[in-house]
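Remarks on the structure that follows.
Nothing in this text is a laboratory measurement; each read-out follows from the coordinates by a stated rule. Computed from a prediction, not measured in an experiment: that's the story for all the values here. Here Cβ is always computed from backbone atoms with ideal geometry, including for glycine, and neighbour counts include all displayed protein chains.
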Amino acid sequence: MKKFSSGASVEIYETLDSTSAEAKRRITAGARGPAWIIALHQTAGYGRRGRAWAQESGDFAGSLLFSTDAESGAIGQLSFVLALAVHDALFALIAKADMRIKWPNDILVDGAKIAGLLLEMVDAAGVRMLVAGIGVNVVSTPDIKAYPTTRLLNYESAPMPSALAEAIDANFWAHCQIWCAEGFAPVRRQWLERAAGLGDEITVRLPNETLIGVFEDIDDSGGLVLRFGGGTRIISAGDVYFGAPDEKTT
């Protein structure tokens, strides 16, 4: 079985329902990783809040399963570590483009989404397991009403799936080392350097309300600090749009 330099094993499938679903099944069966599950085609890929993730054959879909002994309160910080890893892996391929991270962890190129990430926690008989699902638009530009999308082929030739996973893997463990040794502060600083919309007016759509304010910062937990109405509010989960709300966000 192929392994990356990190020791993570790699399995590539022609078709899966979902790489993250397969990773969870592996965990239930006793797998503890680190291991990459990659699919050339997904039939039921999903993103945040269970939303369907559109993938064409040739796009990248992969999930990394691994264990962690981090405190439960710090697990969310790994989502930002993952975002840095994917950003840096893609930036190495298309460095001339304006690449940013949209809170909390979508990757944008020239303002259009090229990659989405989802970190899920699984309790496996007392062992805290994580599944990091990653989707990258390599050949397709999904038609999403709420935001523009782009693809890697607009900027660079398509890498082999294993090569892209290996680049993400190397960056992930490098950023993890920093996080483990120094905490969230350096991760937060690097994330803010790559942040989309920082200091600008944004719209945040929550389940029961829509807020408009200035994206001021992220706090020590990764929450978005939104300044509006003379005060600030910490957003732990929500959908971010740039500028004032329109028909895309209502």
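Quick look at the numbers
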| quantity | calculated |
| --- | --- |
| Of Thr210, Thr149, Thr19, the one that fluctuates the most in a GNM where the chain has Cα springs shorter than 10 Å | Thr210 |
| Partners for Lys145 among aspartates and glutamates (Cα-Cα distance below 15 Å; same-chain residues under 8 apart left out) | Asp239, Asp246, Glu247 |
| Dipole moment magnitude, nearest 20 debye, the chain about Cα centre, only Lys, Arg, Asp, Glu C-beta charged | 300 |
| Dipole in debye (nearest 20) - segment 1-103, about Cα centre, beta carbon charges: Lys, Arg +1; Asp, Glu -1 | 160 |
| Rounded if a/c under 1.5, otherwise prolate or oblate - segment 150-250, Cα gyration tensor axes | oblate |
| The chain: DSSP helices with Cα axial extent of at least 30 Å and average Kyte-Doolittle hydropathy no lower than 0.0 | 161-182 |
| For segment 123-250, size of Cβ-based charge dipole, Lys and Arg +1, Asp and Glu -1, in debye | 80 |
| For the chain, built as a Gaussian network whose Cα springs stay under 10 Å, the top-fluctuating residue of Gly230, Gly62, Gly213 | Gly230 |
| Whole-number Å³ per residue for the convex hull built on Cα positions in segment 201-242 | 62 |
| Antiparallel DSSP beta bridges within the chain, percent to nearest 5 | 85 |
| Debye log10 I(q)/I(0) at q = 0.15, 0.18 Å⁻¹ for segment 177-219, Cα point scatterers | -0.51, -0.64 |
| Residue-averaged 222 nm ellipticity for the chain, from DSSP H runs of 4+ at -39500 (n - 2.57), nearest 500 | -7500 deg cm²/dmol |
| GNM flexibility winner over the chain from Leu65, Leu224, Leu93 (Cα, springs under 10 Å) | Leu93 |
| Cross-link partners of Lys3 among lysines (Cα-Cα below 28 Å; sequence separation of 8 or more within a chain) | Lys24 |
| Kirkwood Rh (inverse of mean 1/r, distinct Cα pairs), the chain, angstrom | 18.5 |
